[in-house]
Amino acid sequence: MASTSTVLIRTREARRLKRSSLPKWVLIGAEIVVPILLLALWWIASASSTNTFFPPLQRILERFVALLGTPMFWGDVGSSVGNLALSFVLACVIGVLLGIVLGTMRWLSWLIEPTIHFFRAIPPVALVPIFVSLIGFGNETRILAITLSAVFPVLISTIDGIHATDPDRRAVGRIYRLHWWDRIFSVALPEASPRILSGMQVSLITAFVVMIASEMLGSSQGLGARTLLAQQSFMIADMWVGILVLGIIGYAATALLSLFRRRVLRWYIAIRQQEKNL
């Protein structure tokens with residue numbers, strides 16, 4: 001009787017929370033309206049600004065429109081986005097493959113994980129001068145620095161996800177004599193996919209930060225380099241344009257990854273939603 005009462009109470013509480021939660025269209029509208037309000041406040045606060053380093057938003061937007069018509073601007077955008085996309089994909093592929101190997105071979109994971117956590121503890125930006133000193137200022141250096149900095153969140157989340165696979169499911173795979181490859185792709189990876197995709201989100205943020213830092217160190221290409229050059233040349237409006245464009249790229253990349261995550265984890269989100277409704 002007590003357990004039945006508890007279940008009923010939890011069910012009523014879940015339904016109450018569901019009814020009190022905001023509709024989806026309200027959340028989407030807020031996500032659109034809030035940035036517009038912030039831009040409006042910025043416009044009003046900076047309209048009469050005479051500070052050299054805080055120009056009016058109108059002047060920044062005018063400079064932004066002017067730069068849209070220059071090949072140099074689009075070349076910098078293409079360089080930054082290309083390095084970010086390539087490095088992020090490489091980091092995800094390397095991290096997942098190494099994570100599968102270390103996650104299934106526990107003795108090897110036990111040996112190597114302390115080294116992984118040691119390098120993971122080093123701030124990613126601190127690795128950039130090392131690669132620049134060893135390899136030079138080429139585009140390959142930036143891609144290598146971004147990739148190695150972003151690989152650790154994916155690698156660790158993959159290892160943890162495979163280690164957390166349900167032992168009963170692994171036992172069923174062995175009973176049915178599934179091939180090692182089939183057990184990985186049919187049992188381990190689907191169950192570990194929520195953690196892996198969460199690691200990818202952290203990896204994307206890391207890749208974005210290191211991308212900017214690598215472009216600011218001895219590079220003449222990319223939005224990071226162009227923003228730093230504008231600051232050093234006292235082209236303050238151009239500096240603010242670079243900051244705004246970097247923010248737009250970061251937001252767009254995060255939104256695309258979130259959309260991809262929701263597509264891949266539709267089954268997981270549906271299960272969690274069912275659990276909430278019980």
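With respect to A225, is the statement that it is closer than 26 Å to I135 by Cβ, touching a Pro at 6+ places or on another chain (Cβ under 9 Å) and assigned to a helix (DSSP H, G or I) true? Working first, answer last.
Numbers: closer than 26 Å to I135 by Cβ: yes; touching a Pro at 6+ places or on another chain (Cβ under 9 Å): no; assigned to a helix (DSSP H, G or I): yes.
Against the criterion (closer than 26 Å to I135 by Cβ, touching a Pro at 6+ places or on another chain (Cβ under 9 Å) and assigned to a helix (DSSP H, G or I)), A225 does not qualify.
Looking only at region 214-231, decide whether some residue is within 14 Å of the chain's Cα centre (by Cα) and either under 25 Å from L148 (Cβ atoms) or buried (at least 17 other Cβ atoms within 10 Å of the Cβ) (or both). Steps first, please.
Step one: list which residues in region 214-231 are within 14 Å of the chain's Cα centre (by Cα), which gives none.
Looking for residues that are within 14 Å of the chain's Cα centre (by Cα) and either under 25 Å from L148 (Cβ atoms) or buried (at least 17 other Cβ atoms within 10 Å of the Cβ) (or both), one finds none in region 214-231, hence no.
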- request: Search region 62-89 for residues being β-branched (V, I, T) and touching a residue at least 12 places away in the same chain (Cβ under 8 Å), and hand back the single one that is surrounded by the fewest Cβ atoms within 10 Å (Cβ to Cβ).
  value: V81
Looking only at region 228-278, and only at residues there that are charged (D, E, K, R) and either outside any helix (DSSP H, G or I) or free of Cβ contacts under 8 Å to residues at least 24 places away in the same chain (or both), the one that is farthest from I212 (Cα to Cα): E275
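Yes/no per residue for (1) modelled with pLDDT under 90; (2) in contact with a helix residue (DSSP H, G or I) (Cβ under 6 Å, 6 or more places away or on another chain); (3) not in a helix (DSSP H, G or I):
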| site | (1), (2), (3) |
| --- | --- |
| L38 | yes, no, no |
| L41 | no, no, no |
| S48 | yes, no, yes |
| N51 | yes, no, yes |
| R59 | no, yes, no |
| F64 | no, yes, no |
| W74 | no, no, no |
| G78 | no, no, no |
| G82 | no, no, no |
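Of the residues A192, A121, A150, only one is aliphatic (A, V, I, L, M), at pLDDT 80 or above and over 22 Å from V264 (Cβ atoms); which? If you could, list the steps in order and put the result at the bottom.
Numbers: A192 fails: over 22 Å from V264 (Cβ atoms); A150 fails: over 22 Å from V264 (Cβ atoms).
Answer to the selection: A121.
Conditions (1) aliphatic (A, V, I, L, M); (2) within 22 Å of R142 (Cα to Cα); (3) touching a Ser or Thr at 6+ places or on another chain (Cβ under 9 Å), marked per residue:
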residue: L197; (1), (2), (3): yes, no, yes
residue: I205; (1), (2), (3): yes, yes, yes
residue: S214; (1), (2), (3): no, yes, yes
residue: L223; (1), (2), (3): yes, yes, yes
residue: R226; (1), (2), (3): no, yes, yes
residue: A230; (1), (2), (3): yes, yes, no
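The values are calculated or read from the model by the stated rules, or taken from the named source; none is laboratory data. Model, not experiment: these values are computed from the prediction. Don't worry about glycine lacking a Cβ; one is built from the backbone with ideal geometry, like all the others, and counts go over all protein chains shown.
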